[in-house]
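Here is the structure we will look at, set down as structure tokens.
Since every read-out is calculated from the coordinates, none of them should be taken as a lab result. Since the structure is predicted, the reported quantities are computational estimates derived from the model, not experimental observations. A quick note on method: Cβ atoms are made from the backbone with ideal geometry, for glycine too, and the neighbour counts reach across all protein chains shown.
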Amino acid sequence: MAFSANARGAFAEELAQVDVEAALKLIEPITGASEFNRHLQNIAHELAPLDPDRAIAILANFKEPDPDRRQVNGVRDAAVQRVCYRMIRVAPDKAEKLARTIEMESQRPYCLCLMVESLLKRKDVTDAARDRARRLHEEAWQMLADIRKNTDQSEVAWLYPSTIAAKLCGQTAVVAPEQLPHRIWQTIALRRLMVKAGSYGPAGFGCCSEMARMLATTDRQRAAQVAAWVPAGYVQYGGTAAGLIAELYPEQCEASLKLVDGSAANRLRLNFVKALLRTGDASKRARHHEMALWFPDDEDLGPID
């Protein structure tokens, strides 16, 4: 039912803007939970600025994920982020309340971060929107501090708090520039400990790599210092590590290739080429995708801007 499900879902997403009931009925026959949830999420995303209450209600209808499909983040949590990004402009109180229903601790501050971004993207930012953005920004930082205080860092999985904090620093530079030096150091303090070795080394190495890459948009020099904490043997793996070298140390790409051989060298060379070719939003999108963070495009605001 793959093609049929995709066709039904794609049509239903557009139909929802004029007939929600018909759209929901159209995707009912889709049996695969992942496919059904994807289209349901997109329908909620479409409705967020048009019918906030209905969008919120739809979020309760997600199916349990297929057991053979790995879910990096909770399906509903990811959908809430997208819905809140659009809803914050038209129903801010409802968007804030919805954001606080996110289950994964580290996704809550990221959702607030997305809402701040949406508010600040207005062509003419009102004083009320700017004040709300500042408040949400401050609350996101407090949430990250609470995670650090209340959670065993060795058990924190995806969406490391320091990576989200590094993204928040970009907003700090706009809404509270006097706090930026302090927030950069807070970001570094939130890094994951060098424990629990995995396939490519301790998880803390990946945390530093991702944090440095995100922090580079605000403080390139500090980002380079953080990147230096990651051993050379580790940074040869993965798109995030390759992107880090390409963005911060492009002159080191050739030298890095000499540290590995065979298929590893070929994979790294391909990752370098991809990273070096990316510019603007393409680079930002790749950076977020490799860190399991949703990156909103301009069209995600749709008819509300």
Listed residue (Pro65, Leu24, Pro49) projecting farthest to the positive dipole end of segment 1-70, Cβ model | Pro65
Net dipole in debye of segment 1-143 [+1 Lys, Arg Cβ; -1 Asp, Glu Cβ; about Cα centre; nearest 20] = 340 debye
Based on the mean of other Cβ atoms within 10 Å per residue, sort peptides 7-19, 98-110 so the most packed one is first.
-> 98-110, 7-19
Measure off 7 Å from each Cα along the Cα-to-Cβ vector at Ala60 and Gln179, then give the distance between these two points in nanometres to one decimal.
-> 3.5 nm
Ala282 versus Ala265: modelled label distance in nm, points set 7 Å from Cα along the beta carbon direction = 2.7 nm
Gain in span if fully extended, Val273 to His289, counting 0.36 nm per residue against the direct Cα distance = 4.0 nm
1/(1 + (r/R0)^6) with r = Cβ-Cβ of Arg135 and Gln17, R0 = 30 Å, i.e. FRET efficiency to nearest 0.05, evaluates to 0.45
To the nearest 0.05, how large is the calculated FRET efficiency for Ala224 and Asn6 if R₀ is 35 Å and r is the Cβ-Cβ distance?
-> 0.20
